[in-house]
Amino acid sequence: MRLATFEYLGLRRSGVVDGGSVLPFPEETGLLDVVRTGSVPDTGAAVPLAAVRLLPPIEPPSVRDFVTFEEHVEGVRRSVSGAAGVPDAWYDAPTFYFTNPCAMVGAHDDVPVPPGCHALDFELEVAAVIGREGRDLSPEQARDHIFGYTIFNDWSARDLQSREMQVGLGPCKGKDSAATLGPWLVTADELEPYRDADGFLRLALTAEVNGREVGRDLLSNMAWPFEDLVAYASRGARVRPGDVLGSGTCGNGGCLAELWGRNGRQDPPPLRPGDTVTLTVEGIGTVSNTVVPGTAPVPVPPARRRPRTRP
């Protein structure tokens, strides 16, 4: 089943996608209600998908973004910090950071350039959405806590990220402005036919910029399956209905920075206003966003340096 949140005739609605139409739920029912209860209510008259604006399927309580593709780590690390290879610590556990749950944008929304950014990038990911609360889950238990999957584009201000990560606290404003979620939420049972013998979802992933393919990979090239990500996220903590867990960016051109690291230069060039990024995931669908001009950064002064001597 494919479940969408959309705007139609000025109202925010949710419903079931059926071919080229969406069957709306009652006005008071949001998609997060369906995720929490696992119950799909009766639907109303079909509305053409062409007549609606697709919104992010859910407003997630939290967003954890993992980094599970070895090829991506190697390329982006070289691009951002100049370091070669993959850190030994990466192999220990599926590392993640928390990103902004209030920055979600829809499948076809415009994406402004973040203030002060001169090296904008996309990231092709798939996200799992939690359906049941859990804590200290095993990977086997975690599978039953995944409600479904959606496409996740973690837009990245690479120049801001490169400078900020020298402080050692993570991407910060490099990842704070926008993340595409969509076009809809596909329930987990729909993707079971794609599961391979090792427990990974073998979905084809492609990334295009202005109609030109720049990346292609398989989701099954993840180093850990989603069940492991959920189990690790739940270690000593709760995962809750609606929580989003990103796979991390795929390899082989899942983002521009990986190619920059491999090529030793910014080729292809960073995204500019007017560029359109189209990401397609087999079994889920396609999102396509156009970059537009952003706003100038509001000045914030640098830190006051402490005196060499104290009174």
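Here Leu256 meets each of (1) at pLDDT 95 or above; (2) open to solvent by 50 Å² or more (accessible area, probe 1.4 Å); (3) of a type outside the set (S, T, N, Q); (4) under 21 Å from Gly85 (Cα atoms) with one exception, condition (2).
Residue by residue, here is whether (1) modelled with pLDDT of 95 or more; (2) touching a Lys or Arg at 6+ places or on another chain (Cβ under 8 Å) holds:
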position: Arg64; (1), (2): yes, no
position: Val67; (1), (2): yes, no
position: Val76; (1), (2): no, no
position: Phe98; (1), (2): yes, yes
position: Cys102; (1), (2): yes, no
position: Val129; (1), (2): yes, no
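Whether any residue in the range 169-191 is free of Cβ contacts under 8 Å to residues at least 24 places away in the same chain, closer than 18 Å to Pro94 by Cα and open to solvent by 40 Å² or more (accessible area, probe 1.4 Å) is what I want to check. Checking the range 169-191: at least one residue is free of Cβ contacts under 8 Å to residues at least 24 places away in the same chain, closer than 18 Å to Pro94 by Cα and open to solvent by 40 Å² or more (accessible area, probe 1.4 Å).
Might you check whether a residue that is in a loop (DSSP other than H, G, I, E, B), closer than 30 Å to Val86 by Cβ and free of Cβ contacts under 8 Å to residues at least 24 places away in the same chain occurs anywhere in the range 269-276? Show your work before the answer.
Step one: of the range 269-276, the residues in a loop (DSSP other than H, G, I, E, B) are 269-270, 272-275.
This time we only want the ones that are closer than 30 Å to Val86 by Cβ, so: 269-270, 275.
Within this subset, residues satisfying the condition of being free of Cβ contacts under 8 Å to residues at least 24 places away in the same chain are 269.
Within the range 269-276, one or more residues are in a loop (DSSP other than H, G, I, E, B), closer than 30 Å to Val86 by Cβ and free of Cβ contacts under 8 Å to residues at least 24 places away in the same chain.
If you filter the range 277-298 down to residues that are more than 17 Å from the chain's Cα centre (by Cα) and assigned to a loop (DSSP other than H, G, I, E, B), you find that the one that is farthest from Pro112 (Cα to Cα) is Val298. For the range 81-96, filtering for residues that are open to solvent by less than 30 Å² (accessible area, probe 1.4 Å) and not in a loop (DSSP other than H, G, I, E, B) leaves 1. Scanning the range 135-165 for residues that are in contact (Cβ under 8 Å) with a residue 12 or more places away in the chain and assigned to a helix (DSSP H, G or I) turns up Pro139, Glu140, Gln141, Ala142, Arg143, Arg158, Asp159, Leu160, Gln161, Ser162, Met165.
Exactly one residue among Thr99, Thr37, Thr5, Thr29 is surrounded by fewer than 17 Cβ atoms within 10 Å (Cβ to Cβ) and not aromatic (Phe, Trp, Tyr), and that residue is Thr37. Looking at the range 98-109, is at least one residue among the aromatic types (Phe, Trp, Tyr) and in contact (Cβ under 8 Å) with a residue 60 or more places away in the chain? Among the residues of the range 98-109, not one is among the aromatic types (Phe, Trp, Tyr) and in contact (Cβ under 8 Å) with a residue 60 or more places away in the chain, which makes the answer no. In a residue-by-residue description of the range 105-114, the property of being at pLDDT 95 or above and closer than 15 Å to Pro171 by Cα applies to at least one position.
Take the conditions within 18 Å of Thr68 (Cβ to Cβ) and among the small types (Gly, Ala, Ser) and apply them to Gly182. Does it pass? So Gly182 fails the test.
In the range 224-239, the residues that are over 10 Å from Ala128 (Cβ atoms) reach residues that are outside any helix (DSSP H, G or I) and of a type in the set (Ser, Thr, Tyr) with C-beta atoms within less than 7 angstrom, at least six apart or across chains, in these pairs: Trp224/Thr68; Ala231/Ser138. The set of residues from the range 123-134 being touching a Cys at 6+ places or on another chain (Cβ under 6 Å) and not in a strand (DSSP E or B) comprises just one member, Glu123.
Take the conditions more than 30 Å from Trp184 (Cβ to Cβ), assigned to a loop (DSSP other than H, G, I, E, B), in contact with a Pro (Cβ under 6 Å, 6 or more places away or on another chain) and open to solvent by 10 Å² or more (accessible area, probe 1.4 Å) and apply them to Pro301. Does it pass? The answer is no for Pro301.
What residue, of Asp65, Asp109, is open to solvent by less than 60 Å² (accessible area, probe 1.4 Å), closer than 30 Å to Gly254 by Cα and in a strand (DSSP E or B)?
Details: Asp109 fails: in a strand (DSSP E or B).
Only one candidate passes the filter, namely Asp65.
Against the numbered list (1) under 22 Å from Ser81 (Cα atoms); (2) open to solvent by less than 10 Å² (accessible area, probe 1.4 Å), Asp243 comes up short only at (1). So Arg202 passes all but one of these: (1) farther than 18 Å from Thr95 by Cα; (2) out of contact with any Phe, Trp or Tyr (no Cβ under 8 Å at 6 or more places or on another chain); (3) surrounded by fewer than 20 Cβ atoms within 10 Å (Cβ to Cβ). Which condition number does it fail? The one condition Arg202 does not meet is (2).
Of the conditions (1) at pLDDT 95 or above; (2) more than 21 Å from Leu229 (Cβ to Cβ); (3) surrounded by fewer than 14 Cβ atoms within 10 Å (Cβ to Cβ), Gln166 satisfies every one except a single condition; which number is it? The failed condition is (1). Report yes if some residue within the range 133-146 is within 17 Å of the chain's Cα centre (by Cα) and modelled with pLDDT of 95 or more; otherwise report no. Yes: the range 133-146 contains one or more residues that are within 17 Å of the chain's Cα centre (by Cα) and modelled with pLDDT of 95 or more.
The values are calculated or read from the model by the stated rules, or taken from the named source; none is laboratory data. This is a predicted model, so every value here is computed, not measured. Heads up, the Cβs are rebuilt from the backbone with ideal geometry, glycines too, and the neighbour counts pull from every protein chain shown. Protein only, heavy atoms only, side chains kept; ligands, DNA and RNA dropped before computing areas. Shrake-Rupley method; radii C 1.70, N 1.55, O 1.52, S 1.80 Å.
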